[in-house]
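> Take a look at this one; I'll ask things after.
The values are calculated or read from the model by the stated rules, or taken from the named source; none is laboratory data. What you see is a predicted model; the values in this text were computed from it and never measured. Cβ coordinates were reconstructed from backbone atoms using ideal geometry, including for glycine residues, and neighbour counts include every protein chain displayed. Calculation scope for accessible area: heavy atoms of the full protein, side chains included, ligands and nucleic acids excluded. Shrake-Rupley method; radii C 1.70, N 1.55, O 1.52, S 1.80 Å.
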Amino acid sequence: MKNNKLSIAIFLSVLAAVFFSCTLLAQKPAEKYTSFKPGQLWLDNNGVFINAHGGGLIYYNKKYYWFGEHKIEGKKGNSAQVGVHCYSSNDLYNWKNEGIALNVSDDNSSEIAKGCILERPKVIYNGKTKKFVMWFHLEHKGKGYATARSAVAISANITGPYTFVKSIRPNANTNPVNFIASDTIKSKDNFFLRDYAIGQMARDMNLFVDDDGKAYHIFSSEENRTMHISQLTDDYLSPSGKYIRISKDKSREAPALFKHNGKYYLITSACTGWAPNAATIAVADNILGDWKVIDNPCQGPDANLTFKGQSTYVLPVQGIKDAFIFIADRWQPDNAIDGRYLWLPIHFEGDKITIPWMDEWDLSFFKTKK
Ligand code: DGJ
């Protein structure tokens with residue numbers, strides 16, 4: 001009897017899981033979107049849930065491309081079972097599935113073996129080499145979050161396929177531009193010194209290309225306690241050796257950097273795993289200079305939890321002055337594929353920067369705001 005009940009319960013949960021996956025995988029035929037609805041299901045041109053978590057965007061040849069982690073159902077989806085998914089769009093509302101840009105490998109000896117952790121992929125274009133360069137946070141399979149590496153892949157085509165190049169621990173044997181003698185004092189918490197010779201840890205990350213074409217890799221380092229901003233070489237494939245340590249011992253992650261009116265802004269979260277926390281925004285006149293934390297820019301319900309999300313990117317909207325979209329993930333670690341996206345406008349009022357919650361909005365927000 002007990003066994004019968006157990007079998008029925010298992011059967012029903014499998015049925016529920018299959019039904020739930022089907023609702024995510026095949027919705028009604030694609031509808032034409034004319035607005036953003038943060039946190040709601042967002043379907044691609046085939047009516048399938050957009051699967052690009054921890055993502056980043058790039059504008060190229062009059063189109064936007066969105067790259068992100070392809071997640072699968074259940075907790076297993078927190079590790080990389082597929083790779084990096086790519087979508088394209090003309091209007092930012094409607095997204096065409098461009099397929100998997102970088103596949104994880106079936107070869108267990110590969111650095112990107114299926115089951116590794118591959119997070120927060122970002123793609124930038126290098127005009128000199130004519131290559132698209134993808135960076136992502138990589139943890140080797142079976143090592144949890146201990147390896148703390150950044151990895152690089154390249155492609156001649158924006159949508160891929162991308163070829164894995166290497167993974168690194170940045171800036172081995174290199175002092176930051178804001179190096180001070182006390183950085184060399186040995187202590188159990190001096191992770192900078194501990195990793196000096198092998199290269200610094202690199203977990204949550206982002207990329208930023210400045211107006212002069214110099215690119216920067218921003219990442220949580222030193223056991224997530226200190227953020228690094230590290231300039232890349234001209235081919236965007238390696239650290240140039242010039243970097244700065246910021247937010248020392250402040251434990252920030254999920255960096256999203258943008259530039260507005262000549263100033264650099266950096267949105268980050270605290271470190272609470274998949275659980276949401278309050279964001280902060282910091283400002284600097286020089287990307288490798290002094291950074292000052294301003295405040296939590298979020299406003300509205302759950303503003304102290306980043307609207308139950310975590311920053312992943314800030315997108316400058318093409319052709320509209322002062323238009324930036326804050327992009328965050330609402331993680332669902334128990335069923336990774338069901339993580340939702342939060343796209344919200346950034347509002348500038350003099351020196352004050354806010355991200356107001358909106359149930360629904362469209363790009364006219366930027367044209368009509370005062
Ligand atoms: C928070 C990070 O921002 C995510 O990318 C992921 O690494 C989770 N932590 C894992 O707990």
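> Among the residues of region 311-322, how many are within 16 Å of the ligand (Cβ to nearest atom) and either surrounded by fewer than 21 Cβ atoms within 10 Å (Cβ to Cβ) or polar (S, T, N, Q) (or both)?
2
> Out of 281, 353, 294, which single residue is open to solvent by 30 Å² or more (accessible area, probe 1.4 Å) and more than 16 Å from the ligand (Cβ to nearest atom)?
Being open to solvent by 30 Å² or more (accessible area, probe 1.4 Å) and more than 16 Å from the ligand (Cβ to nearest atom) holds for just one of 281, 353, 294, which is 294.
> Would you mind listing the strands (runs of 3 or more DSSP E) fully within region 305-370 where at least 3 residues are in contact (Cβ under 8 Å) with a residue 12 or more places away in the chain?
It comes to 310-316, 324-330, 340-345, 352-356.
> With respect to residue 242, determine if the residue is more than 16 Å from the ligand (Cβ to nearest atom) and either surrounded by fewer than 14 Cβ atoms within 10 Å (Cβ to Cβ) or under 22 Å from residue 145 (Cβ atoms) (or both).
Considered against the rule, which asks whether it is more than 16 Å from the ligand (Cβ to nearest atom) and either surrounded by fewer than 14 Cβ atoms within 10 Å (Cβ to Cβ) or under 22 Å from residue 145 (Cβ atoms) (or both), residue 242 comes out as no.
> Please identify the pairs in which a residue from region 60-73 that is over 17 Å from residue 209 (Cβ atoms) and open to solvent by 70 Å² or more (accessible area, probe 1.4 Å) has its Cβ atom under 8 Å from the Cβ atom of a residue that is in a loop (DSSP other than H, G, I, E, B) and not small (Gly, Ala, Ser), counting only partners at least 6 apart or on another chain.
From residues that are over 17 Å from residue 209 (Cβ atoms) and open to solvent by 70 Å² or more (accessible area, probe 1.4 Å), the pairs are 62/90.
> Please indicate, with yes or no, whether at least one residue in region 127-135 is outside any strand (DSSP E or B), of a type in the set (A, V, I, L, M) and in contact (Cβ under 8 Å) with a residue 12 or more places away in the chain.
Checking region 127-135: not a single residue is outside any strand (DSSP E or B), of a type in the set (A, V, I, L, M) and in contact (Cβ under 8 Å) with a residue 12 or more places away in the chain.
> Go through (1) surrounded by fewer than 23 Cβ atoms within 10 Å (Cβ to Cβ); (2) assigned to a loop (DSSP other than H, G, I, E, B); (3) within 16 Å of the ligand (Cβ to nearest atom) for residue 76 and report which single condition fails.
(2)
> Among (1) surrounded by 15 or more Cβ atoms within 10 Å (Cβ to Cβ); (2) touching a Pro at 6+ places or on another chain (Cβ under 8 Å); (3) under 30 Å from residue 164 (Cβ atoms), where does residue 257 come up short?
So the condition that residue 257 fails would be (2).
> Mind checking which residues of region 86-126 are within 17 Å of residue 62 (Cβ to Cβ), of a type outside the set (A, V, I, L, M, F, W, C) and part of a loop (DSSP other than H, G, I, E, B)?
Those that are within 17 Å of residue 62 (Cβ to Cβ), of a type outside the set (A, V, I, L, M, F, W, C) and part of a loop (DSSP other than H, G, I, E, B): 90, 91, 93, 94.
> Here's a follow-up. Can you pull out the residues in region 323-336 that are more than 18 Å from residue 122 (Cβ to Cβ) and open to solvent by less than 10 Å² (accessible area, probe 1.4 Å)?
Scanning region 323-336 gives 323, 336.
> So, one more: Please determine whether any residue of region 80-88 is more than 20 Å from the chain's Cα centre (by Cα) and surrounded by 15 or more Cβ atoms within 10 Å (Cβ to Cβ).
Taking every residue of region 80-88 in turn, none turns out to be more than 20 Å from the chain's Cα centre (by Cα) and surrounded by 15 or more Cβ atoms within 10 Å (Cβ to Cβ).
> Filter region 261-272 down to the residues that are closer than 19 Å to residue 223 by Cα and open to solvent by 20 Å² or more (accessible area, probe 1.4 Å), then identify the one that is farthest from the ligand (Cβ to nearest atom).
270
> If you go through region 169-206 one residue at a time, how many are within 16 Å of the ligand (Cβ to nearest atom) and either charged (D, E, K, R) or in a loop (DSSP other than H, G, I, E, B) (or both)?
4
> Do you know which of the residues in region 297-310 that are within 16 Å of the ligand (Cβ to nearest atom) and at negative phi is surrounded by the most Cβ atoms within 10 Å (Cβ to Cβ)?
Per the criteria, the residue is 310.
> State whether one or more residues within region 247-260 are over 20 Å from residue 344 (Cα atoms), assigned to a strand (DSSP E or B) and within 16 Å of the ligand (Cβ to nearest atom).
Looking for residues that are over 20 Å from residue 344 (Cα atoms), assigned to a strand (DSSP E or B) and within 16 Å of the ligand (Cβ to nearest atom), one finds at least one in region 247-260, hence yes.
> Could I ask something else about it? If residue 339 meets every condition in (1) touching a Pro at 6+ places or on another chain (Cβ under 8 Å); (2) crowded, with 18+ Cβ neighbours inside 10 Å apart from one, which number is that one?
(1)
> Another question about this same structure. Since residue 275 meets every condition but one in (1) closer than 29 Å to residue 321 by Cα; (2) within 16 Å of the ligand (Cβ to nearest atom); (3) surrounded by fewer than 24 Cβ atoms within 10 Å (Cβ to Cβ), which condition does it not meet?
(1)
> I need a count of the residues in region 113-148 that are open to solvent by less than 10 Å² (accessible area, probe 1.4 Å) and over 16 Å from the mean Cα position of the chain (by Cα).
So the answer is 4.
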